[in-house]
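Remarks on the structure that follows.
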Amino acid sequence: MTLDILPESIARDGETAIVITWSDGRVSRLTAGQLRKACPCATCREKKRADQSADEGSLKSLTLPVLKAEEARPLTITSMRPVGSYAYNIAFSDGHSSGLFPLTMLRELGA
(Lines give C-alpha, C1' and ligand atoms only; values in the text may rest on other atoms or scores of the structure.)
Protein backbone atom coordinates (compact mmCIF):
# COMPACT_ATOMS: atom_id res chain seq x y z
CA MET A 1 0.00 0.00 0.00
CA THR A 2 1.34 3.40 -0.87
CA LEU A 3 1.13 6.23 1.60
CA ASP A 4 -1.28 8.14 -0.62
CA ILE A 5 -4.06 5.54 -0.18
CA LEU A 6 -5.87 6.41 3.05
CA PRO A 7 -9.28 5.71 4.57
CA GLU A 8 -11.90 8.23 3.50
CA SER A 9 -14.47 6.82 5.91
CA ILE A 10 -14.81 4.11 8.53
CA ALA A 11 -18.33 3.09 9.52
CA ARG A 12 -19.97 0.38 11.58
CA ASP A 13 -21.80 -2.39 9.77
CA GLY A 14 -24.11 -3.64 12.49
CA GLU A 15 -22.61 -4.71 15.79
CA THR A 16 -19.91 -7.01 14.48
CA ALA A 17 -18.14 -5.35 11.54
CA ILE A 18 -16.71 -2.15 10.12
CA VAL A 19 -16.59 -0.88 6.54
CA ILE A 20 -13.62 1.16 5.35
CA THR A 21 -13.83 3.18 2.15
CA TRP A 22 -10.33 3.89 0.82
CA SER A 23 -9.24 6.91 -1.21
CA ASP A 24 -8.71 4.70 -4.30
CA GLY A 25 -12.36 3.58 -4.20
CA ARG A 26 -11.80 0.15 -2.65
CA VAL A 27 -14.25 -0.81 0.11
CA SER A 28 -13.19 -3.27 2.83
CA ARG A 29 -15.55 -4.99 5.27
CA LEU A 30 -13.78 -6.36 8.35
CA THR A 31 -15.52 -8.37 11.04
CA ALA A 32 -14.74 -8.14 14.73
CA GLY A 33 -13.63 -11.78 14.59
CA GLN A 34 -11.19 -11.13 11.73
CA LEU A 35 -9.70 -8.15 13.51
CA ARG A 36 -9.47 -9.87 16.90
CA LYS A 37 -7.79 -12.93 15.36
CA ALA A 38 -5.27 -10.70 13.57
CA CYS A 39 -4.50 -8.55 16.62
CA PRO A 40 -0.83 -7.56 16.38
CA CYS A 41 -0.21 -6.80 20.07
CA ALA A 42 2.63 -8.54 21.93
CA THR A 43 0.24 -10.59 24.10
CA CYS A 44 -1.65 -11.96 21.10
CA ARG A 45 1.55 -12.66 19.15
CA GLU A 46 2.92 -14.62 22.12
CA LYS A 47 -0.35 -16.55 22.52
CA LYS A 48 -0.36 -17.47 18.81
CA ARG A 49 3.27 -18.63 19.09
CA ALA A 50 2.48 -20.73 22.17
CA ASP A 51 -0.60 -22.24 20.49
CA GLN A 52 1.46 -23.12 17.43
CA SER A 53 4.12 -24.76 19.58
CA ALA A 54 1.45 -26.77 21.41
CA ASP A 55 -0.05 -27.90 18.07
CA GLU A 56 3.36 -29.11 16.95
CA GLY A 57 3.95 -30.89 20.27
CA SER A 58 2.54 -34.12 21.61
CA LEU A 59 -1.09 -34.98 22.33
CA LYS A 60 -3.44 -32.07 22.86
CA SER A 61 -5.19 -31.67 26.16
CA LEU A 62 -8.67 -33.18 26.29
CA THR A 63 -9.96 -30.46 28.61
CA LEU A 64 -12.12 -27.65 27.33
CA PRO A 65 -11.04 -24.07 27.99
CA VAL A 66 -12.95 -22.07 30.58
CA LEU A 67 -14.36 -18.91 29.04
CA LYS A 68 -14.87 -15.62 30.83
CA ALA A 69 -18.37 -14.15 30.53
CA GLU A 70 -17.08 -11.55 28.03
CA GLU A 71 -15.64 -14.31 25.83
CA ALA A 72 -18.90 -16.26 25.75
CA ARG A 73 -20.89 -13.39 24.25
CA PRO A 74 -20.76 -12.55 20.52
CA LEU A 75 -17.65 -10.51 19.77
CA THR A 76 -18.18 -6.85 18.89
CA ILE A 77 -16.00 -3.80 18.36
CA THR A 78 -16.66 -1.47 21.29
CA SER A 79 -14.46 1.43 20.19
CA MET A 80 -11.89 2.60 17.67
CA ARG A 81 -9.59 5.57 18.02
CA PRO A 82 -6.92 6.87 15.68
CA VAL A 83 -3.29 6.67 16.73
CA GLY A 84 -1.50 9.42 14.88
CA SER A 85 -2.12 9.16 11.16
CA TYR A 86 -0.91 5.58 10.76
CA ALA A 87 -3.05 3.24 12.89
CA TYR A 88 -6.18 2.60 14.94
CA ASN A 89 -6.49 1.23 18.44
CA ILE A 90 -9.46 -1.15 18.49
CA ALA A 91 -11.25 -2.33 21.64
CA PHE A 92 -13.35 -5.50 21.65
CA SER A 93 -16.24 -6.71 23.78
CA ASP A 94 -14.05 -9.49 25.25
CA GLY A 95 -12.09 -6.77 27.08
CA HIS A 96 -9.08 -6.76 24.77
CA SER A 97 -7.93 -3.27 23.76
CA SER A 98 -4.13 -3.22 23.41
CA GLY A 99 -3.75 -3.83 19.68
CA LEU A 100 -2.65 -1.09 17.30
CA PHE A 101 -3.81 -1.85 13.77
CA PRO A 102 -1.68 0.01 11.18
CA LEU A 103 -3.56 1.26 8.11
CA THR A 104 -1.42 -1.04 5.95
CA MET A 105 -2.62 -4.03 7.99
CA LEU A 106 -6.28 -2.97 7.76
CA ARG A 107 -5.87 -2.60 4.00
CA GLU A 108 -4.31 -6.10 3.69
CA LEU A 109 -6.99 -7.72 5.89
CA GLY A 110 -9.68 -6.23 3.68
CA ALA A 111 -8.16 -7.55 0.44
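The values are calculated or read from the model by the stated rules, or taken from the named source; none is laboratory data. Since we're looking at a predicted model, the values are computed, not measured. To get the accessible areas, we keep the full protein, side chains included, count just its heavy atoms, and leave off ligands, DNA and RNA. Shrake-Rupley method; radii C 1.70, N 1.55, O 1.52, S 1.80 Å.
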In the range 12-34, what residues are open to solvent by 50 Å² or more (accessible area, probe 1.4 Å) and in a strand (DSSP E or B)? Arg12, Val27, Arg29
Condition check: at pLDDT below 90 and within 14 Å of the chain's Cα centre (by Cα). Does Arg49 satisfy that? no
